[in-house]
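In what follows, a structure is listed as structure tokens, so that the remarks can point back to it.
The values are calculated or read from the model by the stated rules, or taken from the named source; none is laboratory data. What you are looking at is a predicted structure, and each value in this text was computed from that prediction instead of being measured. Virtual Cβ from ideal backbone geometry, glycine too; neighbours counted across all protein chains shown. Heads up: the accessible areas ignore ligands, DNA and RNA and are worked out on the full protein's heavy atoms, side chains in. Shrake-Rupley method; radii C 1.70, N 1.55, O 1.52, S 1.80 Å.
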Amino acid sequence: MLKPEKVVRFYAYTTKLHVDDLAAALMEFDDVHVEPPEGLPGIKPPEDVETTNLDTYDEIIRALERTCALSGISIEEILAKAKSARSEQGYKELISVLDDLVGKYLSLQKELELAKKARSLLKERESKIKELEEKITELELKIKEYYAAALEITEEDPSKLRLGRYLLEIDKNIFRTSSLINATLDPSMSVSDVNEILKNTFESLNEIKDRISGVEDEIPNREELEKVKEGIYALESLLNEARKEIQSYLDKKDKLSEMKAIESMWNKMRDTVRRVPELSPILAEREPAIAKVTQQIAQLEDEIKAKESLIRRKLMDIKKVVTEMREHFTTLRDELLSIKVVAAGEAEQRVLELIESAKPIISERGKLEEEIEKLRKLSKKEERGKLEEEIEKLRKQIIEIASQLASIALNIRPKALLQKLKTMIYQGEEVAVVSGWVPVKTKEKFERDLRNKLRNYIAVEFEEVKRAEGTPSKIKLPNILKPVTLLTHRLYGLPSIYELDPTAITALFFPLMFGMMYGDVGHGLTLALFGAVLYSKSRGALKELAGLLIYSGIAAAFFGYLYGMIFFIEFTEPIISPLHDTTKLMAVALIFGALEMMVGFVMNTINKLIEGDVFAALFEYKGLATLIMYAGAVFATIRNNADIGGTLTDPLFQAMVVPLFITVLSPIVKSIKEGHGVGEGASEAIATFLESTLALLSNSLSYIRLAAFAVIHEVFGVLTAQIIVGKEIVMLGDIGLLLSPASLIGFAFMNIAVMGLEGMLSFIQATRLTFYEFFSKFYKAAGREFRKISELLGPFTS
């Protein structure tokens, strides 16, 4: 219980023909941790192991885990019916049926949740649909207005409406073309970017040509129209010329990049040749060619600059043409269009836009109407009753199908386990090997059982464990301590075989720390009751947490008796009051902390002795010397009533310099013994001195939080009393003041709020002190789980 069992490494050899017998013998023995024998020459994983039952088992387990997670049905409910469950269907069909049932179950659960909120949601949706109706009405009015404007022109001359729309579109495209050309004139814009803009300009120009061809017969001013068309053709010609020049520019840029790459490569070769004089003649032969490349680079750079200047001039010419074309079109447009025609053309376009914007609103309204209809139906009590009946019926069906799957899994589990074990037995040409760990106390029985099963076809080797790393820790704890493993094993880590398991001592210290901070009989018993209910309904880590809450709640009730408090009511004369005896409570907290830390030093000393490191156990930091030094300093402080002057002059306190000096010197002695010299040990000695003085003082003072949180808990009680009854504290005789509904509700609310908040904070602080002030003194948690063969497939058992 205080430390993991000692284990020994084993290797079991047999022939490939006896793998099944070896696996069966291991399963029968069970109390052995098996792992593949990695690193043995000529040994590799088996290739022909049948895993049909193992694969089936894994698939069923995944389906059951998925079902439990989604439906909230516990595995215990399923297993309760598994023994009597029978099915003629295959497991794949059952999994498919189960998944469908869970899907329906979740869908109905959502429906039921919706039904519970139906009334409030109904009001919200009806309000939303009113908003949508208002938006739709507003859009309808705007559409009518625009239609009226368009209708007026249509009645006068229908062709004007079409002409107005086309001319407005031409105007927009000419404006876009002008904007694009203006953008190309920015000196910071690269020629590549100019090329992309000119591509877009061609698109706008084509739009202009298409629209003009659609209305040119309706334009009487042929002279202005021809000028516009001439401008378009001139612009098209200039754009083509500009793009040709740009392409030429880009080709020259690519060629320049290639030549510069050649020049750069040659320069690197020249640098290399300087280091190897023998290659100089070869270099001299190539120099004229390279000189020519350099001349071509200079020539190309000049050509590129000239080409870019030409492109910029072309762009200025294009801008001039666009400006003239726009002026001619503006004259033409103003002659043809009146304000009414422009408004009518815009009106037609605007109507189309409004219709498009109305579509999602109308769609949303349709969905809301369907939802409102559904919510009205769900808001009826009888509908909720039907849903609850269907959910309960589905729940029973899920349990029935799941129990049939669980029954299949339980039936094939031994075969699946055997197949799993066979995958861990590695094979050579003729031999099969399995390795692992077995408790020392059962070593002989293990070897005897294997020989009884395999006769002369088994050879077993044992190897003493020399290092804790990689060795599994076999830990046996009574059920009463298992909740505490949430802290010691699950959150912090498992002990190695060379260190003590702190679970038993933590089961005492943790609840005491929590109880001191959370002291109240009512709050403590409520927490313990909550823990008991949770314990009965949960499993795994949650079950461990529930057990820890029970212990912590009982400790809180004990301290609540000492403080004389039950639900913030003083029911008896306090033995110690956090508010009035704060200094005394702080002293108790510090003494408790010092005791816990000394226990940590004792456990570290024992751990070092278990490891065989006597020097570390006696002299190094956190060993016996540290324990003597710290215990002496604490005792001197207590007998001087924490008076600094008196403590510093106390002969006992001064004598503790000796063990401190021994602890500080130990790294230097160790460094010299290991051949590293004084220098390396000196730096560690300084760190040891700081840890043995300042760090230990800081660790000790951390325990003041036990008293501080006890005071805070009591202050909450005072605030509650002042708010509810206007007194500093509620006595038993004042209970009559709490009987009014308002006072009772307020008092209950304050108690519940403080229980939740303070409970969480106290748990966190107790965990922090356990991990950082206590475990850090001795607990490395370097172990890993020892898994018996029956646990290889996980905890799913009948």
Given a 1.4 angstrom probe, what's the average accessible area per residue across segment 521-580, in square angstrom? 47 Å²
Within segment 500-516, backbone nitrogen closer than 18 Å to the virtual label 7 Å beyond the Cα of residue 6 toward Cβ: 500-501
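So with the 1.4 Å probe, I'd like the accessible area per residue for segment 622-734, rounded to whole Å².
Details: 5880 Å² over 113 residues.
With the other protein chains kept in place, segment 622-734 gives 52 Å² per residue.
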Check the straight Cα-Cα distances from residue 381 and name the aspartates and glutamates below 15 Å, setting aside those fewer than 8 residues away within the same chain. 111, 113, 389, 390
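Is the shape of segment 541-597 rounded, prolate or oblate, going by the alpha carbon gyration tensor and its root eigenvalues a ≥ b ≥ c, with a/c under 1.5 for rounded and a/b larger than b/c for prolate? Intermediate results must be reported in sequence, preceding the final value.
Working: a/c = 3.44, a/b = 1.26, b/c = 2.72.
Because a/c hits 1.5 or more and a/b fails to exceed b/c, segment 541-597 counts as oblate.
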Gyration tensor (alpha-carbon) shape descriptor, segment 701-798, a/c threshold 1.5: oblate
Spatial extent of segment 386-449: Rg and Dmax, with the Cα atoms as the point set, Å: 22.0, 67
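Send over a whole-number figure in Å² for the accessible area per residue of segment 402-510, probe 1.4 Å. Walk me through the intermediate numbers first.
Working: 5030 Å² over 109 residues.
Accessible area per residue: 46 Å².
For each pair in 83/393; 104/130; 227/252, compute the distance between the two Cα atoms and list the pairs where it is over 31 Å.
Numbers: 83/393 21 Å; 104/130 33 Å; 227/252 37 Å.
Beyond 31 Å between Cα atoms: 104/130; 227/252.
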Using the beta-carbon distance between residue 735 and residue 576 and R0 = 22 Å, what value does 1/(1 + (r/R0)^6) give for FRET efficiency, to the nearest 0.05? 0.40
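How large, in Å, is segment 7-132 by the Kirkwood hydrodynamic radius built from its alpha-carbon pairs?
On the way: mean 1/r = 0.0488 Å⁻¹.
Hydrodynamic radius (Kirkwood, Cα pairs) of segment 7-132 is 20.5 Å.
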Over all alpha-carbon pairs of segment 504-622, lay out the pair-distance distribution in 5 Å bins, whole %, shortest bin first. 2, 12, 15, 15, 14, 12, 11, 9, 6, 3, 1, 0
Under the 7 Å Cα-to-Cβ spin-label approximation, residue 188 and residue 482 lie apart by a distance in nanometres of 7.2 nm
Rounded to the nearest 20 debye, dipole of segment 660-798 from Cβ charges on Lys, Arg, Asp, Glu: 400 debye
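Given R₀ = 35 Å, FRET efficiency for residue 396-residue 120 by Cβ-Cβ distance, to 0.05?
That pair, residue 396 with residue 120, gives E of 0.65.
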Evaluate the charge dipole of segment 2-115 about its Cα centre and quote only its size in Debye, nearest 20, assuming +1 on the Cβ of each Lys and Arg and -1 on the Cβ of each Asp and Glu. 280 debye
For residue 254, the accessible surface traced by a 1.4 Å probe with all protein chains present amounts, in square angstrom to the nearest 10, to 90 Å²
Select from 425, 487, 553 the residue farthest towards the positive end of the dipole of segment 413-571; place +1 on Cβ of Lys and Arg, -1 on Cβ of Asp and Glu, and compute about the Cα centre. 425
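Quote the convex hull volume per residue of segment 627-736, based on C-alpha atoms, as a whole number of Å³. Intermediate values should be presented prior to the final figure.
Working: hull volume 17.2 nm³, N = 110.
So the per-residue Cα hull volume is 156 Å³.
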Order the following by accessible area, largest value first: 134, 113. Probe radius 1.4 Å; ligands, DNA and RNA are ignored. 134, 113
Sequence of 434, 97 when ordered by accessible area, the most exposed leading, probe 1.4 angstrom: 97, 434
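Under the Kirkwood approximation for Rh and a Cα-based Rg, what ratio Rg/Rh is obtained for segment 687-757? Don't jump to the answer; show the numbers that get you there.
Numbers: Rg = 19.5 Å, Rh = 14.7 Å.
Using Cα coordinates only, the ratio equals 1.32.
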Gain in span if fully extended, residue 648 to residue 110, counting 0.36 nm per residue against the direct Cα distance: 186.7 nm
Set the bar at 19 Å for Cα to Cα. Now go through 415/445; 199/314; 81/396 and name every pair that lies beyond it. 415/445
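Probe radius 1.4 Å, ligands and nucleic acids ignored: give me the carbon and sulfur share of the accessible area of segment 720-797 as a rounded percent. Let's see the in-between values first.
Numbers: 2700 of 3930 Å².
Ligands and nucleic acids excluded, carbon and sulfur give 69 percent.
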Ignoring ligands, DNA and RNA, what percent of the accessible area of segment 572-627 is carbon or sulfur (1.4 Å)? 71 percent
Share of segment 16-83's accessible area from carbon and sulfur, percent, 1.4 Å? 50 percent
From largest accessible area down, sort 714, 50; use a 1.4 Å probe on the protein chains. 50, 714
Global form of segment 426-472, assessed from the alpha-carbon gyration tensor, a/c cut-off 1.5: oblate
